[in-house]
Amino acid sequence: MPTVTINQISLTVPDGTTIIQAAEQLNIEIPRYCYHPGLSIAGSCRMCLVEIEKMPKLQPACNTRVTDGMVVTSNSPKVKEAVSGVLEFLLINHPLDCPVCDQAGECYLQDYYMKFGLYDSRMNENKIKRHKAEAIGPHVILDTERCVLCSRCVRFVREVSHSNEIGIFNRGGQSEIRLLPDQVLDNNYSGNVVDICPVGALTDRDFRFQCRVWYLSKANSVCNGCSRGCNITVEANRQRPHHGEGRRVMRLKPRFNKDVNQWWICDVGRYGYKFIDDPSRLTQPLEKKNGEFEALDWKTAAQRAVDQIQAAKQSAGANSIVIIASPQLTNEDLFITRKFFGMDLGIEQIDFRVPEVVPSEGDGFLLRADRNPNTRGAEAILSDGDGFSLPRMIESSSKQPLKLLYICEQDLTVKLGDDRSRQFVGQFEYVIYQGSNENETSRMANLVLPTATYAEVTGTFTNFEGRVQRVNAGIEPLGDSMPVWQIVCKLAKTAGFDYGYESAEEVFADLAETVTEFEGLSYERIGDQGAKLAESAHVQA
Amino acid sequence: MTVEEYRQTGGYEALKKVLFEMKPDQVIEEVKKSGLRGRGGAGFPTGMKWSFIPKTGDKPRYMVVNSDESEPGTCKDRVIIEKTPFLLMEGIAISSYAIGSSTCYLYIRGEYYDQAMILKKAIEDAYKHGYLGKNILGSGYNLDVYLHRGAGAYICGEETGLLESLEGKKGWPRLKPPFPATSGLYGCPTCVNNVETLTAVVPILQKGGDWYASLGTPKNGGTRLFCVSGHVKKPGTYELPMGIPLRSIIYDYAGGIKDDRKLKAVIPGGSSVPILTANEIDVKMDFDSVAAIGSLLGSGGVVVMNEDTCMVKALLRISKFYAHESCGQCTPCREGTTWLKKTLQRVYDGDARQEDLDHLLGIAFNMMGTTICALSDAAAMPVRSYIQKFRHEFEYHVQHKCCDVEAAVRV
């Protein structure tokens with residue numbers, strides 16, 4: 001374990017640690033463009049040059065490994081001069097079009113100029129004109145004038161997505177990022193090149209001109225796109241509601257988690273947030289009267305739901321009621337669902353599994369075939385029932401009288417197909433749909449209860465390998481929609497069971513005490529990188 | 001020249017001696033003793049370079065011959081290939097044996113088509129006569145030589161750019177470490193040597209390292225091919241002892257300045273090195289002496305300029321070359337070379353301001369020592385030295401919007 005001294009501070013690091021990594025541990029900022037911890041070392045931007053004792057030339061911190069007794073300086077006049085010089089070189093042909101650049105505000109050129117530049121321009125030449133604003137794929141726009149040729153994107157398509165769509169063409173001052181002949185930057189990870197581009201050369205078509213980044217609020221969350229549970233930040237525009245035509249969630253960005261997604265997320269997840277601000281959002285409770293939906297207040301809606309459930313139970317017993325939960329719900333939602341419907345009302349027919357006509361496929365990297373964020377959590381929380389199987393029930397038409405169907409956040413029409421879903425739902429006298437967006441299934445319901453989306457709630461998801469991860473509200477629930485656990489608590493209170501939960505965290509604390517697999521977990525322990533379900537209690541589902 | 005003719009002049013005797021009487025380590029020791037320094041331009045001690053190649057390990061070791069000869073003013077490898085290709089073949093065999101390599105790649109610049117054909121024939125002949133291939137001369141030593149033509153990029157003469165090119169990639173010099181001696185061609189230990197270096201190995205093994213060292217100056221063994229071009233009466237490639245005064249090369253061998261004009265400046269070692277003024281030509285032409293006066297012996301390309309040469313124009317031409325040849329990988333070189341070229345063009349055109357001269361020096365300063373390979377330095381060194389030594393000419397262009405030298409020539 002070598003000991004290195006950087007700017008007079010000593011640190012002992014594992015063998016093989018580079019100077020840039022050691023400096024990061026000391027919170028010493030060494031500027032960089034080409035270095036990215038998830039990619040191979042290029043060492044070509046020359047921004048991270050540092051002075052090393054006994055070495056005549058400055059060395060790149062990204063490629064120099066620490067040796068015992070090494071003395072590094074990153075703030076000497078010699079280093080400052082070199083870094084400022086490199087920055088000047090990068091900016092001489094830069095178009096300086098920050099006012100119309102989406103990257104402004106999170107641009108390494110802007111930030112480093114303020115920190116390491118602040119020189120007067122010496123550039124008296126005409127700038128090199130290059131290709132601007134080219135769509136190089138369904139999600140990415142390339143502006144070669146803004147490019148600093150750090151080659152991060154090129155290394156990404158080589159080393160991470162293995163798709164090789166882009167490369168650096170020509171040489172010297174004419175060098176440019178281009179698509180390879182007959183290629184389009186169209187792979188399921190294409191959006192990541194925008195994240196890793198340190199400047200405004202690669203921008204996201206989805207985010208283009210929607211909002212300045214300094215208006216965005218950021219909430220740590222977890223992607224709901226599949227059972228991987230990639231860590232993300234939900235970035236929302238709450239300050240300028242007139243921008244982006246009322247769109248609140250502006251973009252999702254990957255958040256580093258070394259055990260889940262490293263630095264990346266897939267495009268399916270990245271662009272899968274559109275339902276949040278979609279016009280199809282359900283914003284108030286609805287009741288169907290004479291074939292038309294009419295708005296209700298929550299009190300009336302809850303009363304109606306409870307009345308219908310109790311009436312069904314009294315007339316035909318608990319087995320006339322089926323609750324379809326959802327692996328889209330948080331652990332907290334599922335726990336309350338079980339608590340109220342299962343334990344307090346004694347309904348045994350609760351399941352979250354709905355067979356899919358066309359099953360999804362994984363891509364062998366991050367995206368998994370199971371497109372639900374909380375299947376593992378649903379298994380842990382709901383599986384100790386009596387073995388009721390919704391798929392079996394759907395397969396064989398039931399002989400018992402069916403009264404009430406309560407569907408949580410599942411579009412049966414999409415999963416089962418139109419005919420089968422209508423046939424199944426048609427067996428029930430009364431249907432309650434609880435979900436965030438209007439769909440064919442919600443239109444079949446008698447009562448619709450609007451729920452908040454994952455971007456609007458606090459809670460936890462359990463990913464496929466049993467990692468429990470926290471979801472934080474990035475925006476307020478739209479309209480009168482509410483988090484599922486609050487809706488079910490409201491129903492419970494109407495039915496005479498007052499749970500008294502004030503927050504999702506309290507629900508989770510109760511969950512951790514009740515469900516064996518969650519034993520020992522708390523929001524604090526989960527933190528922002530997640531914590532695994534108790535290994536000893538792990539049940540292979 | 002045929003193999004037979006080469007043999008009559010003592011050809012392949014050194015190889016025979018090496019294969020049957022010497023161990024690889026002894027060959028390396030002999031070369032170390034000779035004081036031979038790399039003739040490509042950097043002047044790194046050859047014997048030491050060879051000793052860096054690991055002697056054990058599962059990976060094959062490669063010998064790579066650098067014949068990309070692209071430095072403006074340099075044409076010595078070409079002469080060797082044209083005049084005595086078998087000397088190169090013998091040098092390759094001895095050197096490959098020394099580093100324990102059984103595969104050699106000969107990388108020749110694309111523009112040297114005729115020379116490539118000569119080499120192709122020489123390789124075939126060497127195979128035919130048992131100097132290459134399996135079991136060379138019955139010694140049990142095997143060596144295959146493959147000829148590879150480049151595609152016309154200066155940067156492929158940089159050893160790691162060359163290796164990338166040889167691997168079929170874009171010729172971008174590699175970040176070091178790792179160095180080629182441990183991880184070179186296809187990630188295997190590799191030794192890259194210049195053509196002239198490898199041919200020098202033959203006489204060293206024939207007559208001994210001490211004999212070779214005695215031809216030059218201390219730490220600068222042997223002779224050197226000086227490619228004299230420009231305003232001299234007898235331009236050409238001259239093999240002369242290391243340490244010979246530059247004045248002697250110009251006046252005794254190249255016949256002095258053409259039309260007996262006055263000498264203005266000399267590039268002592270290829271276009272990238274700092275220029276020397278007429279007052280500096282008493283320097284001894286060996287690596288250390290030239291370095292001592294602030295220039296470099298480099299590739300041995302001596303470019304002579306007479307009093308009618310516009311130094312602004314000369315520098316502009318050189319800067320255009322480096323801007324065209326920068327690979328574009330490192331920021332200071334990619335941006336700096338083009339910036340220098342554009343500003344120099346304005347200076348030459350009489351469209352510049354006084355501050356631009358200081359900017360040129362500042363840009364060149366920021367390009368020095370900040371990149372992966374030496375091309376950035378190669379582009380910056382001439383700018384700094386031309387402006388420092390001939391600043392009055394640059395200022396004349398700025399102030400009078402024309403060239404005093406060219407105006408005088410026209411009169």
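The values are calculated or read from the model by the stated rules, or taken from the named source; none is laboratory data. Because the structure is predicted, anything quoted here is derived from the model rather than measured. Note: ideal-geometry Cβ built from the backbone for every residue, glycine included; neighbour counts use all protein chains shown.
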* For segment B:12-30, indicate whether the set of residues that are touching a strand residue (DSSP E or B) at 6+ places or on another chain (Cβ under 9 Å), surrounded by 22 or more Cβ atoms within 10 Å (Cβ to Cβ) and either on the phi > 0 side of the Ramachandran plot or assigned to a helix (DSSP H, G or I) (or both) is non-empty. => no
* For segment A:202-231, name all the residues that are in a strand (DSSP E or B) and among the basic types (Lys, Arg). => A:218
* Structure fact -> All-but-one check, residue A:311 against (1) buried (at least 17 other Cβ atoms within 10 Å of the Cβ); (2) at pLDDT 95 or above, failing number (1)
* To do: Answer yes if at least one residue in segment A:462-481 is within 20 Å of residue A:323 (Cβ to Cβ) and in contact with a Gly (Cβ under 6 Å, 6 or more places away or on another chain), and no otherwise.
  => yes
* Structure fact -> Of A:428, A:424, A:461, the only residue that is buried (at least 20 other Cβ atoms within 10 Å of the Cβ) and part of a helix (DSSP H, G or I) is A:424
* Asked: Which of the residues that make up segment B:281-301 are assigned to a loop (DSSP other than H, G, I, E, B) and either within 14 Å of another protein chain (Cβ to nearest Cβ) or of a type in the set (D, E, K, R) (or both)?
  -> B:282, B:286
* Asked: Got at least one residue in segment A:35-49 being free of Cβ contacts under 8 Å to residues at least 40 places away in the same chain and more than 16 Å from residue A:22 (Cα to Cα)?
  -> yes
* Does segment B:324-337 hold any residues that are in a helix (DSSP H, G or I) and either charged (D, E, K, R) or buried (at least 24 other Cβ atoms within 10 Å of the Cβ) (or both), and which are they? -> B:325, B:331, B:332, B:333, B:334, B:335, B:336, B:337
* Give the residues of segment B:338-394 that are touching a residue at least 60 places away in the same chain (Cβ under 8 Å), within 11 Å of chain A (Cβ to nearest Cβ) and surrounded by 24 or more Cβ atoms within 10 Å (Cβ to Cβ), sorted by residue number. => B:372, B:375, B:379
* How about segment B:183-213: which of its residues are closer than 27 Å to residue B:328 by Cβ, more than 14 Å from every other protein chain (Cβ to nearest Cβ) and in a loop (DSSP other than H, G, I, E, B)? -> B:184
* Asked: In the set A:402, A:366, which member is assigned to a loop (DSSP other than H, G, I, E, B) and either acidic (Asp, Glu) or out of contact with any Asp or Glu (no Cβ under 9 Å at 6 or more places or on another chain) (or both)?
  -> A:366
* Asked: Are any residues in segment A:161-196 away from chain B (no Cβ under 14 Å), under 26 Å from residue B:171 (Cβ atoms) and more than 19 Å from the chain's Cα centre (by Cα), and if so, which ones?
  -> A:162, A:163, A:165, A:179, A:181, A:182, A:183, A:185
* Structure fact -> Within segment A:39-58, residues within 10 Å of chain B (Cβ to nearest Cβ) and in a strand (DSSP E or B) come out as A:49
* Structure fact -> Selection from segment A:244-262 of residues surrounded by fewer than 20 Cβ atoms within 10 Å (Cβ to Cβ) and within 9 Å of residue A:230 (Cβ to Cβ) yields A:257
* Structure fact -> All conditions in (1) facing chain A (nearest Cβ under 9 Å); (2) within 16 Å of residue B:363 (Cα to Cα); (3) in contact (Cβ under 8 Å) with a residue 40 or more places away in the chain are true of residue B:325 except (2)
* To do: Report whether or not residue A:235 is closer than 22 Å to residue B:329 by Cβ and either touching a Cys at 6+ places or on another chain (Cβ under 9 Å) or away from chain B (no Cβ under 14 Å) (or both).
  => no
* Check off (1) in contact (Cβ under 8 Å) with a residue 40 or more places away in the chain; (2) over 24 Å from residue A:90 (Cβ atoms); (3) away from chain B (no Cβ under 14 Å) for residue A:26 and give me the number that stays unchecked. => (1)
* Asked: Pick from B:110, B:43, B:73, B:57: which is assigned to a loop (DSSP other than H, G, I, E, B) and without any contact (Cβ under 8 Å) to a residue 60 or more places away in the chain?
  -> B:110
* Can you tell which of A:158, A:122 is free of Cβ contacts under 8 Å to residues at least 12 places away in the same chain, within 14 Å of chain B (Cβ to nearest Cβ) and buried (at least 16 other Cβ atoms within 10 Å of the Cβ)? -> A:158
* Asked: So which residues in segment A:263-289 are under 30 Å from residue A:159 (Cα atoms) and either within 11 Å of the chain's Cα centre (by Cα) or crowded, with 18+ Cβ neighbours inside 10 Å (or both)?
  -> A:263, A:264, A:265, A:266, A:267, A:268, A:269, A:270, A:271, A:272, A:273
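Matching residues to (1) surrounded by fewer than 19 Cβ atoms within 10 Å (Cβ to Cβ); (2) modelled with pLDDT under 95; (3) outside any strand (DSSP E or B):
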| position | (1), (2), (3) |
| --- | --- |
| B:239 | yes, no, no |
| B:248 | yes, no, yes |
| B:266 | no, no, no |
| B:303 | no, no, no |
* Asked: Does segment B:136-145 include one or more residues that are more than 17 Å from residue B:99 (Cα to Cα), of a type in the set (A, V, I, L, M) and part of a helix (DSSP H, G or I)?
  -> yes
* Given the residues B:43, B:35, B:91, which is the only one that is of a type outside the set (Phe, Trp, Tyr), in contact with a Lys or Arg (Cβ under 8 Å, 6 or more places away or on another chain) and surrounded by 24 or more Cβ atoms within 10 Å (Cβ to Cβ)? -> B:35
* **Residue list for segment A:186-195, filter: out of contact with any Cys (no Cβ under 7 Å at 6 or more places or on another chain) and of a type outside the set (Gly, Ala, Ser)** => A:186, A:187, A:192, A:194, A:195
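For every residue, the table says whether it meets (1) within 14 Å of chain B (Cβ to nearest Cβ); (2) among the small types (Gly, Ala, Ser); (3) crowded, with 18+ Cβ neighbours inside 10 Å; (4) outside any loop (DSSP other than H, G, I, E, B).
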| site | (1), (2), (3), (4) |
| --- | --- |
| A:10 | no, yes, no, yes |
| A:16 | yes, yes, no, no |
| A:30 | no, no, yes, no |
| A:67 | yes, no, no, no |
| A:80 | yes, no, no, yes |
* Which condition number does residue A:507 fail, the rest of (1) in contact with an Asp or Glu (Cβ under 6 Å, 6 or more places away or on another chain); (2) outside any helix (DSSP H, G or I) being met? -> (2)
* To do: Go through segment A:261-292 and count every residue that is basic (Lys, Arg) and in contact with a Pro (Cβ under 9 Å, 6 or more places away or on another chain).
  => 2
* To do: Test residue B:81 against the stated conditions and say whether it is crowded, with 22+ Cβ neighbours inside 10 Å, of a type in the set (Val, Ile, Thr), part of a helix (DSSP H, G or I) and touching a residue at least 12 places away in the same chain (Cβ under 8 Å).
  => yes
